[in-house]
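What follows is a set of notes on a single structure, which appears directly below.
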Amino acid sequence: MDLTRRRLLVLLPAAAVAWKYVLAGTPEASPNYKLTEHWWTMLIDIPKCIGCGSCVRACAEENDVPDGYFRTWIERYHVADWKIERPEVTSPNGGKQGFPPNQDASGKNFFVPKLCNHCSDSPCTQVCPVGATFVTPDGVVLVDKNYCLGCRYCVQACPYGCRFINPKTKTAEKCSLCYHRITKGMTTACCEVCPTGARQLADLKNPKDPIHEFLRTHNVQILKPHMATGAKVFYNGMDGSVR
Amino acid sequence: MFKDIEHLIRLAVVILVLLAVFVVLRVAVVPRSFGQYGHYRGAAIEETAARPIAFAGHDACEACQTDVVEQKKQGKHMVVACEACHGALAKHADDPASVTPPKLDTAVVCARCHEANSAKPKDFPQVVTADHSGGIACDTCHQPHRPKIETSTTEAKKTEPKTKTEGRK
């Protein structure tokens, strides 16, 4: 068969499309993991948090989070006497190196670990103009870094301040709930290293998960429920001053 | 009536060609897995899941370090995962011979959790390290995997300075 100009013109687009699929390759699949059988979330037990910063360091190491940016961080709340509406919140370097000792001991003091709330009606996924961020069928909000334009809409939309633009890739980044770990049957890096069990990964679709008993028997809150984001990182023992 | 129908046919051809170009471009540009689960690239889920891990998890550690597991079981550090202090060691778990965990400075590592801070839970054991040990390494007196100093041996009691600061802020 002669390769005429006409035939070449017909073949070129087809070849381009085929080559694209070759380049994409097949990513390593997690065996026996079914997307629809999980609904991931996290439980934060504030009275157990000691502000050691292990979670922040582990997250940075596990996910290559650049210095000065945080997928999870710890805040130290200082509520003086009755000033519940004006708490003093400090988070030196996200609590990565812990907190300086001998801080103001008056009033009420406690630590609050923060991370993406993996909202089921998340504002950040709703504003993405290209579909680069989404809620997976197992309830994790992820960013497709190969598809993200870096337009920053989602960074502004998140009411919890959980997103940032990675200075290297220039794309949006956030807590992935260690998706590469939980799909392999492991816990997240932050939950793995938390020495007091203040952070616990939970699967709401797993009837044997202790989260169900915990939610039944404790006064658990979510952050900013008035925003109707469907946040599903549950906070136990949370003070009214936390926002 | 259809005297100038040729004009309409030309227009229709132009529209059809544009439509065809659009369809071809769309097929070429939109990723294959887009829309598999929703308005996003379905393959992105697998790509995210394919990332290599850095923390091996305590199950991997405990498979080999059975002596440390036995030690930890006897003390309060039972619940603390190995990598909480020793750091990310998935590479060590994959290849224990060539990648060895670094030696830890207990004066730094222990203080991360146990340095006194008014925001820490009151029942969590805390010390002001400057008063408690003067900055010497904690494993001088404490065994990190089973940190409680047994009171039955009076020797241990003597070597522990200022016990009053321990356990309370």
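The values are calculated or read from the model by the stated rules, or taken from the named source; none is laboratory data. Model, not experiment: these values are computed from the prediction. Heads up, the Cβs are rebuilt from the backbone with ideal geometry, glycines too, and the neighbour counts pull from every protein chain shown.
When the range A:44-73 is filtered for residues that are β-branched (V, I, T), within 18 Å of A:P100 (Cα to Cα) and within 10 Å of another protein chain (Cβ to nearest Cβ), only A:I50 remains. Among the residues examined, B:A119 qualifies as within 24 Å of the chain's Cα centre (by Cα), surrounded by 14 or more Cβ atoms within 10 Å (Cβ to Cβ) and at pLDDT below 95. All conditions but one from (1) touching a Pro at 6+ places or on another chain (Cβ under 8 Å); (2) not assigned by TED's automatic domain parsing to the domain that holds A:R57 apply to A:H180; the one that does not is (2).
Given the condition part of a helix (DSSP H, G or I) and either of a type in the set (S, T, N, Q) or farther than 15 Å from A:M227 by Cα (or both), answer yes or no: does some residue in the range A:137-153 qualify? Yes. Under the condition of being surrounded by fewer than 17 Cβ atoms within 10 Å (Cβ to Cβ), closer than 20 Å to A:C175 by Cα and among the basic types (K, R), the residues counted in the range B:25-50 number 0. Would you call A:G131 on the phi > 0 side of the Ramachandran plot, in contact with a helix residue (DSSP H, G or I) (Cβ under 9 Å, 6 or more places away or on another chain) and free of Cβ contacts under 8 Å to residues at least 24 places away in the same chain? Yes; evaluated as a whole, the condition is true for this residue.
For the residues A:C158, A:C190, A:C148, A:C124, the requirement of being surrounded by 18 or more Cβ atoms within 10 Å (Cβ to Cβ), touching a residue at least 60 places away in the same chain (Cβ under 8 Å) and of a type outside the set (D, E) singles out A:C190. Quick check on B:T106: is it more than 30 Å from A:L12 (Cβ to Cβ), more than 11 Å from chain A (Cβ to nearest Cβ) and loosely packed, with under 13 Cβ neighbours inside 10 Å? It is false that B:T106 is more than 30 Å from A:L12 (Cβ to Cβ), more than 11 Å from chain A (Cβ to nearest Cβ) and loosely packed, with under 13 Cβ neighbours inside 10 Å.
Yes/no per residue for (1) more than 11 Å from chain A (Cβ to nearest Cβ); (2) part of a helix (DSSP H, G or I):
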site	(1), (2)
B:H7	yes, yes
B:R10	yes, yes
B:V24	no, yes
B:G38	no, no
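Look at (1) away from chain B (no Cβ under 14 Å); (2) more than 16 Å from A:L115 (Cβ to Cβ) and you find that A:G230 fails only one, number (2).
Checked against the criterion of being modelled with pLDDT of 90 or more, closer than 30 Å to A:L204 by Cβ and under 18 Å from the mean Cα position of the chain (by Cα), the range A:16-37 has at least one qualifying residue. Of the residues making up the range A:198-218, those that are within 22 Å of A:K108 (Cβ to Cβ) and either basic (K, R) or at pLDDT below 95 (or both) number 1. Screening B:A60 on (1) surrounded by fewer than 16 Cβ atoms within 10 Å (Cβ to Cβ); (2) farther than 20 Å from A:V56 by Cβ; (3) out of contact with any Phe, Trp or Tyr (no Cβ under 8 Å at 6 or more places or on another chain); (4) not assigned by TED's automatic domain parsing to the domain that holds B:K148 shows it passes everything except condition (1).
The requirement of being surrounded by 14 or more Cβ atoms within 10 Å (Cβ to Cβ), at the interface with chain A (Cβ under 8 Å from one of its Cβ atoms) and under 30 Å from A:A14 (Cβ atoms) is not satisfied by B:E83.
Restricting A:C124, A:C116, A:C148 to residues that are at pLDDT 95 or above, within 13 Å of another protein chain (Cβ to nearest Cβ) and closer than 29 Å to A:S54 by Cα narrows the list to A:C124. One residue alone among A:T188, A:T169 is among the polar types (S, T, N, Q) and in the same structural domain as A:F134 (by TED's automatic domain parsing), and that residue is A:T169.
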